[in-house]
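We did not get these values from a lab; they are worked out from the coordinates using the rules stated. No experiment lies behind these values; they were computed from the predicted model shown. Because the Cβ atoms are built from the backbone with ideal geometry, glycine has one as well, and the counts that use them run over all protein chains shown.
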């Protein structure tokens, strides 16, 4: 399979792999990338499986989280075999899985919005998370979710806090043949998840950033996540920010992310600090 990848920053900077979520692509990182490259990092933003035209297999089985993590590992191998990994939404789930299964490839982990898979699964049955994730059940159906999202995705994204312009961009990215079904297959593969594997702890330095305006992720799984990390762990809440952290609050994010990268880095120590929001 071939993945679309966008690189930025100094060639000798330490690699930072950026993993987008649903229903976005690598351009969801565009506001954050300059802040990371100014800090001396080399960013690698990939369009993941289903979102890259050259990596769009059929069937939900091809979208197991283990397969998605293996894709990220393959990209890391292409760039030297080790990288900082930053993931948002479904990209965070991939990042958690990769760090737990292949820690030798992950210099540090940063998860945005979505808690550790074990904490998330637990929260589905012990908190309001099950209600917030009602659409996971809907997305298991054939053809109907595609029909609904073709009509209503932009409005749904705007209701969740995304800007109209970005919502239109994200919806347009799923108009190619098979693209929307491939994106939904990430959700449809969830029943194939092994709960025991999902609960494996992470043993890499971890930063978890959540926003209290997130309509998709309840606080219960967020607060439980620390139990699944056996390494230095930092948790930050961005107040008054929606689920769409990398685009809505890039400077606030960079203000906590850059020090994290530098603490666990030999190569992100570049020209300028990412300052506070202006």
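Shown here: segment 5-263, whose C-alpha atoms stretch 46, 37, 35 Å along the first, second and third principal axes, sorted largest to smallest. Spacing of the modelled spin labels on residue 38 and residue 194, each 7 Å from Cα toward Cβ, amounts to 4.5 nm.
Based on alpha-carbon centroids, what's the gap between segment 60-94 and segment 233-269 in Å, whole number please? If we compute the Cα centre of each part, the gap is 20 Å. Were the residues from residue 203 through residue 4 laid out at 0.36 nm apart, the gain over their Cα-Cα distance would be 68.7 nm. Cβ crowding within 10 Å ranks 109, 184, 124 as 124, 184, 109, fewest other Cβ atoms first.
The slack in the chain from residue 266 to residue 177, taken as 0.36 nm per residue of separation less the alpha-carbon distance, amounts to 27.8 nm. Dividing the alpha-carbon radius of gyration of segment 175-266 by the rule-of-thumb value 2.2 N^0.38 Å gives 1.31.
Cβ-to-Cβ counts within 10 Å put 227, 25, 239 in ascending order as 239, 227, 25, the fewest first. Each peptide among 95-107, 146-158 gets the average number of other Cβ atoms lying within 10 Å of its residues, and from highest to lowest they stand as 95-107, 146-158. To the nearest 0.05, what FRET efficiency results for residue 128 and residue 234 with a Förster distance of 25 Å applied to their C-beta separation? For residue 128 and residue 234, the calculated efficiency is 0.50. Could you pull out which residues in segment 161-181 have an amide N less than 13 Å from a spot 7 Å beyond the Cα of residue 143, following the Cα-Cβ vector? Answer for segment 161-181: none. Would you mind computing the Rg to Rh ratio of segment 88-141 from its alpha-carbon coordinates, Kirkwood style for Rh? Rounded to two decimals, Rg/Rh equals 1.05. Computed from Cα positions, the angle between helix 90-101 and the longest principal axis of the chain comes to roughly 60 degrees. Determine the distance separating the Cα centre of segment 142-169 from the Cα centre of segment 20-41; give it in Å without decimals. One Cα centre to the other: 21 Å. Neighbour counting of Cβ atoms within 10 Å sorts the residues 1, 190, 46, fewest neighbours leading, into 1, 190, 46. Once both labels are positioned 7 Å from their Cα atoms along Cα-to-Cβ, the gap between residue 102 and residue 216 label points is 2.4 nm. Compared with the dominant principal axis of the Cα atoms in the chain, helix 117-126 is inclined by about 50°.
Determine the percent antiparallel among the DSSP beta bridges restricted to the chain, to the nearest 5. That works out to approximately 15 percent antiparallel. How high is the relative contact order of the chain, in percent, with contacts defined as C-alpha pairs under 8 Å that are six or more residues apart? Answer for the chain is 25 percent.
Contact order, relative form, for segment 60-199: 28 percent (alpha carbon pairs under 8 Å, 6 or more residues apart, mean separation divided by residue count).
How large is the helix-only mean residue ellipticity at 222 nm for the chain, computed as the sum of -39500 (n - 2.57) over DSSP H runs with n ≥ 4, divided by its residue count, in deg cm²/dmol to the nearest 500?
Computed ellipticity for the chain at 222 nm equals -11500 deg cm²/dmol.
Counting only alpha carbon atoms, the long axis of helix 65-78 and the longest principal axis of the chain meet at about 30°. Segment residue 156..residue 67, full-extension length gain: 29.2 nm, with 0.36 nm per residue of separation and the alpha-carbon distance subtracted.
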